[in-house]
Amino acid sequence: MNFDFSDDAKALREQARRFLDERATTKVARTQMAADSPYDTMLWTQVVELGWTAARVPEAMGGLGLGGDEACVLAEEIGRSLAPVPFMSTLLATEALVLVGTEEQQTRWLGGFAEGALIGCVGWGEGDAASPARAGAKVTGDRITGIKVPVPDLMAADVALVSAQGPDGVQLYVIDLSDPGVTREAADTIDLVRRHGRLTLTNAPCAPLGTPDTYHEWLDRAAILTSFEALGTASAAMAMAIGYAKERTAFGQKIGRYQGVKHKCADMYIKLELARAHALHGAWAMQDGAAELRQAAAAARVASLDALAYCAEENLQIHGGTGFTWDSDCQFYYRRNRAIVAALGSKTWWSDRLVRALERRNALAA
Amino acid sequence: MDFNDTPQEAEYRTKVRAWIDANIGEFRDVPDTMDRADFVARSKRWQTKKYEAGFTGITWPKAFGGQGLGPMNQIVFNQEESRFHAPTELFSIGLGMCIPTVFSHGSQALIDRYVAKALSGEEVWCQLFSEPVAGSDLAGIRTKAVKDGDDWVIDGQKVWTTNAHLSDFGIIVCRTDPSKPKHKGLTMFIVDMHAPGVEARPLKQMSGGSDFNEVFFTGVRVADSHRVGAEGDGWKVALTTLMNERLAVGGKPRHAPGYATLLDMAKRVQRDDGAAIEAADVRQRIAATYIADEGIKLTQMRALSALSKGEMPGPESSIAKVVVAKTMQDMAAFALDLSESGGFVTGAETDPDVARLQGSYLWSAGLRIAGGTDEILRNIIAERVLGLPGDLRPDKDLPFNAAA
Ligand SMILES: Cc1cc2nc3c(=O)[nH]c(=O)nc-3n(C[C@H](O)[C@H](O)[C@H](O)COP(=O)(O)OP(=O)(O)OC[C@H]3O[C@@H](n4cnc5c(N)ncnc54)[C@H](O)[C@@H]3O)c2cc1C
């Protein structure tokens, strides 16, 4: 049994953490809130130089051809640091293109991702549709019409992968954002650091990426990667809470001595470790192409959203009045929590998907 | 990453499986009726078989009568054994907690006298720690041991002692110096449960059974040779026992109902608006139960991976019991909600699944307390893993007999 990341992945995690600890502090996130640019371009250049956008790109396309484990640890560290760069968006787009892109699609986009010349994003939400399995956007022939909102990093991106209703069902389509019929504008969201946009497609050119089945497989992979991101963000919120609980005095003692505070911290840890176990299971299933992929992905998603919401909310609570001020960093985690939910769908939707996977497995076993 | 056995583990598994398949016989299932005496005899028969085949004390050093193998061997054995209903509970405290304490802190003479007979199932052990006044705050115990020549004389009362009425020996922590602060005046002994002055009275548990006892000690003589560890070192020795306890009572009890039971049940049950499995609240609950049950299993896999590489498991293993016990309670309550008459009616007519859930609901209440309450375990996680400051303990440095 070896239920742990490889030594290489762990080394990459350490390297990423050191770099981001220094370069992507919460000050950087705060600066981004007021910035004109949709992301921190200087930081992005460094991230690209470190090879992170090339990690999952096959060597033949100019990438490093690394495994899913490496993508998972990078997602976690990006989540921990809140680095305002379109890394997760580009990674999720990379994952879809690597999984099912035609050679032409891969050649067109992946090399550009690897060298940082191009940025990708993905969009499934349409304002009202709460289910990633449905889409109002429609494809007729090689044209697509519809609205996608909120799309993370849309204003930074060159290409968008969007879900839409095609002849065989809902699946992903590739949209070159420079094509005619494509308009985009910034969309205001709760998360003030990670920018989102509204994508309006009016008879815009599009190309299918895989099939409805592979769309769902991509959702599984995306759920696992964003679970690691969520774990990172949740861990940072927990660390912040613990730090404050050790420092702040009330009624003549550190607030961390009060069980009302201490037990919240213990519960953060419990939820985080449960989520980490499921996320690791997901990373294994992704790497192994295991039959448990759907179930592992949904469980990782549900457990990590649970941990993130709890850590983000209770971190602010533990900070008291200061936590509620604009100047406190608590808001970053509190707000990012909602961005990570919006990125791929709610805990409710993924719980339902988990139970469906369990039902299917039980039926097979019977 | 992989979940496969290493070649050595696979080889051991094959050997264990072949032995269990050839020997499981009468232990394949639980008999329909079984009284106390049958249970003890049956448990001893299975333990003796394992002992003779070299499947006891798997991780213990050979010098103490163990097999000198790694923790993974023990885990493989447990996995294979749990495919059936072989009775192991009677020995879990003795072999999981008491005897490791004896060979970590006891004299060679004690090891020679007691370890093999515990391993072979001939002698049953109990852990005499908690008292009416002190459970979580174990260092507050009052049962005293007073030196008299080469003996100690023990007077006092222990309580909630699992299997005391079935035990031959126990490890008992006593106060030997009340003028010292509470943690400093304690000493550990081995006591013969059949000695004059020892009286174990089974206590009926709220769940119905009587596994635990109150145990009275009146002028019980214990030879100084039966001291485990130095005089005044009882707290340190007790910590060894408790550390082993946390390892022993981590996971979900074997064969306890989990998310799969809830799933099956939800498929069968009809609510006003259709099958329960279709309802969002039911699906949420199945998912939550899966996250907890399976999350602990996967967390244990992480620990096993570390052990398998010869490393120490990380601190995440400390979340197991606090998650398992409460999940068991919540899941059972929810499943009973779904059942006929709210799963309230008991008796011969009750569906066997529902009866199991009723049992689980009642037993989980004890599990949340035994071996460290939910609250104490959260304190431990917060203080030892996360480094938060400890609770204030006003009595910690006072002489025991001066504290309120
Ligand atoms: C099924 C079962 C089997 C058992 N078997 C054995 C056995 O074999 N041998 C043995 O020695 N004992 C045994 N016990 C006893 C068990 O170890 C104690 O019951 C347990 O440690 C709690 O102690 P207590 O009952 O004195 O409760 P208390 O310590 O009085 O606790 C009462 C309540 O106060 C809370 N509390 C106490 N201290 C704190 C604190 N610092 N912070 C927050 N909350 C606190 C507790 O969490 C609990 O909710 C068994 C108990 C059960 C239920």
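Couple of notes before you dig in:
- Conditions (1) within 16 Å of the ligand (Cβ to nearest atom); (2) not assigned by TED's automatic domain parsing to the domain that holds B:Asp281: number failed by B:Pro399: (1)
- Leading residue by the ranking (nearest to B:Gln127 (Cα to Cα)) among those in the stretch B:65-90 that are part of a helix (DSSP H, G or I) and open to solvent by 10 Å² or more (accessible area, probe 1.4 Å): B:Glu89
- The single condition among (1) in a helix (DSSP H, G or I); (2) within 14 Å of chain B (Cβ to nearest Cβ); (3) not acidic (Asp, Glu) that A:Ala291 does not satisfy is (1).
- Some residue of the stretch B:298-315 being outside the structural domain of B:Ser207 (by TED's automatic domain parsing), in a helix (DSSP H, G or I) and exposed (fewer than 15 other Cβ atoms within 10 Å of the Cβ): yes
- Which listed residue is more than 11 Å from the ligand (Cβ to nearest atom) and in contact with a Phe, Trp or Tyr (Cβ under 6 Å, 6 or more places away or on another chain), from B:Ile172, B:Ile111, B:Ile99: B:Ile111
- B:Trp363 falls short on exactly one of the conditions (1) away from the ligand (no atom under 16 Å from the Cβ); (2) in contact (Cβ under 8 Å) with a residue 12 or more places away in the chain; (3) among the aromatic types (Phe, Trp, Tyr), and that condition is (1).
- Just one of the listed residues (B:Leu128, B:Leu138) is touching a Lys or Arg at 6+ places or on another chain (Cβ under 6 Å) and open to solvent by less than 50 Å² (accessible area, probe 1.4 Å), and it is B:Leu128.
- Scanning the stretch B:139-162 for residues that are touching a helix residue (DSSP H, G or I) at 6+ places or on another chain (Cβ under 8 Å), more than 7 Å from the ligand (Cβ to nearest atom) and not small (Gly, Ala, Ser) turns up B:Lys147, B:Asp150, B:Asp151, B:Trp152.
- Within the stretch A:126-181, strands (runs of 3 or more DSSP E) holding 3 or more residues that are under 23 Å from the mean Cα position of the chain (by Cα), buried (at least 22 other Cβ atoms within 10 Å of the Cβ) and of a type outside the set (Phe, Trp, Tyr): A:143-152, A:159-166, A:169-176
- When the residues of the stretch B:366-378 are filtered to those that are within 15 Å of the chain's Cα centre (by Cα) and open to solvent by 50 Å² or more (accessible area, probe 1.4 Å), the one that is farthest from the ligand (Cβ to nearest atom) is B:Arg368.
- Candidate set: the stretch B:114-138, residues that are in contact (Cβ under 8 Å) with a residue 24 or more places away in the chain and away from the ligand (no atom under 16 Å from the Cβ); chosen: the one nearest to the other protein chains (Cβ to nearest Cβ): B:Leu119
- Residues of the stretch A:6-33 satisfying the condition of being at pLDDT 95 or above and of a type in the set (Gly, Ala, Ser): A:Ala9, A:Ala11, A:Ala16, A:Ala24, A:Ala29
- One residue stands out among those in the stretch B:176-189 that are within 15 Å of the ligand (Cβ to nearest atom) and either assigned to a strand (DSSP E or B) or under 30 Å from B:Met206 (Cα atoms) (or both): the one that is farthest from the chain's Cα centre (by Cα), which is B:Leu186.
The values are calculated or read from the model by the stated rules, or taken from the named source; none is laboratory data. Keep in mind it's a predicted model, so treat the numbers as computed, not measured. We place every Cβ from the backbone using ideal geometry, glycine too, and count neighbours over all the protein chains shown. Surface areas here come from the heavy atoms of the whole protein model, side chains and all, with no ligands, DNA or RNA. Shrake-Rupley method; radii C 1.70, N 1.55, O 1.52, S 1.80 Å.
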